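Student: One structure coming up, written as structure tokens, with questions to follow.
The values are calculated or read from the model by the stated rules, or taken from the named source; none is laboratory data. The structure displayed is predicted, hence computed values, not measured ones. Reconstructed Cβ throughout: ideal geometry from the backbone, glycine too, with neighbour counts over all protein chains shown. To get the accessible areas, we keep the full protein, side chains included, count just its heavy atoms, and leave off ligands, DNA and RNA. Shrake-Rupley method; radii C 1.70, N 1.55, O 1.52, S 1.80 Å.
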Amino acid sequence: MKLTLAANSIHGEGAGKALGDAIAANTVLKELDLSAQKVGVCGEALDANFTKEFAVGLRANRALTNLNFAHNSIGRSYILNTYGSAYYKYDTS
């Protein structure tokens with residue numbers, strides 16, 4: 001099962017916690033697409049506050065096999081340092 005939340009403006013601690021809590025409880029979802037988040041009026045999408053809270057839930061998840069952060073400004077090194085290499089897949093398409 002796949003959930004696509006691409007091309008939104010997801011940001012902030014509240015959004016990170018809400019999505020992180022959902023991911024932590026998830027046993028069915030295999031793919032989550034957070035690609036191409038739009039920078040909104042409040043600043044960067046997938047900002048530090050979002051990723052910090054989201055990471056808590058992600059670490060507890062055992063079902064997710066693919067997490068897409070493509071075309072965001074958080075960068076490869078940030079993903080590797082925050083989420084680990086298991087969630088980073090370089091896609092040249």
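Student: Quick check: is even one residue across the stretch 5-14 of a type in the set (A, V, I, L, M, F, W, C) and open to solvent by 80 Å² or more (accessible area, probe 1.4 Å)?
Tutor: Within the stretch 5-14 (the criterion being of a type in the set (A, V, I, L, M, F, W, C) and open to solvent by 80 Å² or more (accessible area, probe 1.4 Å)), the answer is no, since none of the residues qualifies.
Student: Also: Given the criteria part of a helix (DSSP H, G or I) and either surrounded by fewer than 20 Cβ atoms within 10 Å (Cβ to Cβ) or without any contact (Cβ under 8 Å) to a residue 12 or more places away in the chain (or both), does residue 36 qualify? Let's see the steps before the verdict.
Tutor: Details: part of a helix (DSSP H, G or I): no; either surrounded by fewer than 20 Cβ atoms within 10 Å (Cβ to Cβ) or without any contact (Cβ under 8 Å) to a residue 12 or more places away in the chain (or both): yes.
Answer is no for this residue.
For (1) exposed (fewer than 13 other Cβ atoms within 10 Å of the Cβ); (2) modelled with pLDDT under 90; (3) touching a Leu at 6+ places or on another chain (Cβ under 6 Å), each residue gets a yes or a no:
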| residue | (1), (2), (3) |
| --- | --- |
| 26 | no, no, no |
| 40 | no, yes, no |
| 45 | no, yes, no |
| 61 | no, no, no |
| 72 | no, yes, yes |
| 76 | yes, yes, no |
| 90 | yes, yes, no |
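Student: I need the full set of residues from the stretch 8-24 which are small (Gly, Ala, Ser), touching a Gly at 6+ places or on another chain (Cβ under 6 Å) and modelled with pLDDT of 90 or more, in order please.
Tutor: 20, 24
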